[in-house]
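Asks: The following block contains the structure, expressed as structure tokens.
The values are calculated or read from the model by the stated rules, or taken from the named source; none is laboratory data. Please read these numbers as outputs of a predicted model, since none were measured by experiment. FYI the Cβ positions are ideal-geometry reconstructions off the backbone, even for glycines, and counts take in every protein chain you see. Protein only, heavy atoms only, side chains kept; ligands, DNA and RNA dropped before computing areas. Shrake-Rupley method; radii C 1.70, N 1.55, O 1.52, S 1.80 Å.
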Amino acid sequence: MYNILIVDDEPLICRGLSSLLQSSGLAIGSLHTALSGHEALDYLRMEEIDLLITDIQMGAMSGIELMHQAKILKPWVQAIVISAHETFQYAQLAMRLGAKDYLIKPLKNEQFLNAVRSVLLQME
């Protein structure tokens, strides 16, 4: 069973992705959501997180900075980045930090689930 953390400063996105994952049938042990990078770091410190799904642009801490901090705290945590920006620089930065996928909003349900499924399969 895998533990997943979804981070986005838009509560609607967090709820939607969480709901989609809960009904996906994937081997999910626990599912957490955070509305900021700082809140996400608290989860990373307190919980066993396997997969981090983060927006790239949030308030005080970007998804890039969050990924960097997550790698320091727990180097094994895998990441998927979601963004409203198709900018190549963002994608390149995310991939350099080890992101397994870079998805553009608005997300298509099947595309999102396939990305998560792919990362979880690689972790087995």
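Asks: Taking the C-alpha atoms of the chain, how large are the radius of gyration and the largest Cα-Cα span, Dmax, in Å?
Replies: Calculated on Cα positions, Rg and Dmax stand at 12.8, 34 Å.
Asks: Further question: On a straight-distance basis, which lysines could pair with residue 71 in a cross-link, Cα separation under 19 angstrom, same-chain partners fewer than 8 positions away excluded?
Replies: Residue 71 reaches 100.
Asks: Dipole of the chain (Lys/Arg Cβ +1, Asp/Glu Cβ -1, origin at the Cα centre): which of 36, 12, 92 lies farthest to the positive side?
Replies: 92
Asks: Counting only protein heavy atoms and using a 1.4 Å probe, what share of the accessible area of the chain belongs to carbon plus sulfur, as a whole percent?
Replies: 52
Asks: Please compute the modelled spin-label separation between residue 60 and residue 3, points set 7 Å along Cα→Cβ, answer in nm with one decimal.
Replies: Going by the 7 Å Cα→Cβ label model, 2.3 nm.
Asks: Continuing with the same structure: If I model a spin label at residue 30 and residue 10 as a point 7 Å from the Cα along the Cα→Cβ vector, what separation in nanometres do I get?
Replies: Modelled inter-label distance: 2.8 nm.
Asks: What's the magnitude of the charge dipole for segment 22-124 around its Cα centre, counting Lys and Arg as +1 and Asp and Glu as -1 at the beta-carbon? Answer in Debye, nearest 20. Don't skip to the answer; put the middle values down first.
Replies: Working: 8 positive and 11 negative charges, 42 e Å.
Approximately 200 debye in magnitude.
Asks: Given a 1.4 angstrom probe, what's the average accessible area per residue across the chain, in square angstrom?
Replies: Details: 6370 Å² over 124 residues.
It amounts to 51 Å² per residue over the chain.
Asks: While we're looking at this one, here's another question. Using 1/(1 + (r/R0)^6) with R0 = 30 angstrom and r between the beta carbons of residue 46 and residue 108, what's the FRET efficiency to the nearest 0.05?
Replies: 0.40
Asks: How would you order 51-60, 111-120 from highest to lowest mean count of nearby Cβ atoms within 10 Å?
Replies: Details: 51-60: 20.0, 111-120: 16.9.
Those peptides, ordered most packed to least, come out 51-60, 111-120.
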